[in-house]
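**Student:** Pasting a structure here, questions to come.
The values are calculated or read from the model by the stated rules, or taken from the named source; none is laboratory data. Not measured: the values here are computed from a predicted model. FYI the Cβ positions are ideal-geometry reconstructions off the backbone, even for glycines, and counts take in every protein chain you see.
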Amino acid sequence: MGTVPLSFQIAADPPSRLDKALSRDVPEAASLSRTQLARLIAGGLVTVNGVALTDARARVQEGDRIEITLPEAVETYVTPQDIPLDVVYEDEALVVVNKPPGMVVHPAPGSPDGTLVNALLHHCGDTLSGIGGEKRPGIVHRIDKDTSGLLVVAKSDKAHHGLAAQFEAHSVERKYQALVNGRPDAADPRLRGIRGASFEGGNILKITTHLARHKTDRQRQAVVFQGGKHAVTRARVVRGFGSPEVVSLVECWLETGRTHQIRVHMAHVGHGLVGDPTYGGRRRLPSKALSQNAIAAVSVFSRQALHAAVLGFEHPVSSELMRFEAEMPEDMRVLLSSLEN
């Protein structure tokens, strides 16, 4: 297997440790993270003035000549599969995809193939320069199997690191369309009494909690207020349906992006997503609140009615501001039409 050498010098006033100095001075174009550098040091692939050093704590000085031997990206174990993709945008650094409901993002024990990653490996082919030493697409965020909508995927380490930093800083714009039970409204005294729920100007519901894995059901997330991960969701009613309004079209946007966040948060405040089998979104509607056709459409909707409609970020290479919108998938459009009629 061929190798690609990378050479540079340690600049003035370096940190005393080798790993920290490399992290500071390695050329940005190499897109090497601190973790990757530590792995390369431990593997004997870093030389200082011609001598291989395997201790990340080794001392370095200004002017030391560094050479890093980068292994070529190896083929990933995941099988490429010719699965149709709705590609919204693509360049040499990244690809934006409109994922259909029912498609898993990443292979896992229960879903070894037929995933978005399998499809992207086939679609991208040799344009993948490698993520973390493997020729694979870089997944920086995910949406649930039965949620539809926009995902950005990196094709290179540089793009992967740049996008991941934006998601970590919560600077990525993500807006979702959801159909929920009931109508979240500031005038509802019940909502005012729910811990973590508050309202901002414009009748915007803000939900602030922590989320953690459920104590007894490992497939679910649960709202907690100690431990777990900080999570903030905002939601605004676009339109209500029924008399009284028993279903609402809601726009949600994320300040954080935790597993199942919108689904858990909306269920926490008593407005679970229509069709959600995990968080109690399937409810019997009053027979006179909607037409029989609409009630039937809601009752048979078999997934959470959630669509990632807007995705905005800064291009990790060009710094251009990118923003994409994706229309609701057909099943949600049909359900919406039934409610409107």
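**Student:** Scan the range 228-236 and tell me whether some residue there is touching a residue at least 40 places away in the same chain (Cβ under 8 Å), among the hydrophobic types (A, V, I, L, M, F, W, C) and part of a strand (DSSP E or B).
**Tutor:** Within the range 228-236 (the criterion being touching a residue at least 40 places away in the same chain (Cβ under 8 Å), among the hydrophobic types (A, V, I, L, M, F, W, C) and part of a strand (DSSP E or B)), the answer is yes, since at least one residue qualifies.
**Student:** Something else about it: Can you tell which of ALA30, ALA21 is under 22 Å from GLY162 (Cα atoms), of a type outside the set (D, E, K, R) and modelled with pLDDT of 90 or more?
**Tutor:** Details: ALA30 fails: modelled with pLDDT of 90 or more.
Step by step, each of ALA30, ALA21 is checked, and only ALA21 is under 22 Å from GLY162 (Cα atoms), of a type outside the set (D, E, K, R) and modelled with pLDDT of 90 or more.
**Student:** What residue, among those in the range 20-61 that are of a type in the set (Ser, Thr, Tyr) and either in the same structural domain as ALA164 (by TED's automatic domain parsing) or assigned to a loop (DSSP other than H, G, I, E, B) (or both), is surrounded by the fewest Cβ atoms within 10 Å (Cβ to Cβ)?
**Tutor:** First pass over the range 20-61, keeping only residues of a type in the set (Ser, Thr, Tyr): 23, 31, 33, 35, 47, 54.
Cutting the leftovers down to either in the same structural domain as ALA164 (by TED's automatic domain parsing) or assigned to a loop (DSSP other than H, G, I, E, B) (or both) gives us 31, 33, 54.
Working: SER31: 20, SER33: 15, THR54: 13.
By that ranking, first place goes to THR54.
**Student:** Keeping to the range 179-211, report how many residues are of a type in the set (S, T, N, Q), buried (at least 16 other Cβ atoms within 10 Å of the Cβ) and within 16 Å of VAL250 (Cα to Cα). Give the steps one after another, and end with the answer.
**Tutor:** Keep residues of the range 179-211 that are of a type in the set (S, T, N, Q), which gives 181, 198, 203, 208-209.
Add one more test, that the residue is buried (at least 16 other Cβ atoms within 10 Å of the Cβ), and what stays is 181, 208-209.
Filter once more, so that each one left must be within 16 Å of VAL250 (Cα to Cα): 181.
Residues flagged as of a type in the set (S, T, N, Q), buried (at least 16 other Cβ atoms within 10 Å of the Cβ) and within 16 Å of VAL250 (Cα to Cα) within the range 179-211 amount to 1.
**Student:** Can you work out which of the residues in the range 239-269 that are more than 30 Å from SER171 (Cβ to Cβ) and in contact with a helix residue (DSSP H, G or I) (Cβ under 7 Å, 6 or more places away or on another chain) is surrounded by the most Cβ atoms within 10 Å (Cβ to Cβ)?
**Tutor:** Only one residue fits best here, namely VAL247.
**Student:** Quick one: in the range 210-220, of everything that is more than 21 Å from LEU191 (Cα to Cα) and not charged (D, E, K, R), which residue is modelled with the lowest pLDDT?
**Tutor:** The selected residue is GLN219.
**Student:** Among the residues of the range 58-91, write down those that are hydroxyl-bearing (Ser, Thr, Tyr) and either touching a Gly at 6+ places or on another chain (Cβ under 8 Å) or at pLDDT 90 or above (or both).
**Tutor:** TYR89
**Student:** Can you tell me which residues in the range 171-195 are closer than 30 Å to LEU128 by Cβ and either in contact with a Ser or Thr (Cβ under 6 Å, 6 or more places away or on another chain) or of a type in the set (Ser, Thr, Tyr) (or both)?
**Tutor:** SER171, TYR176
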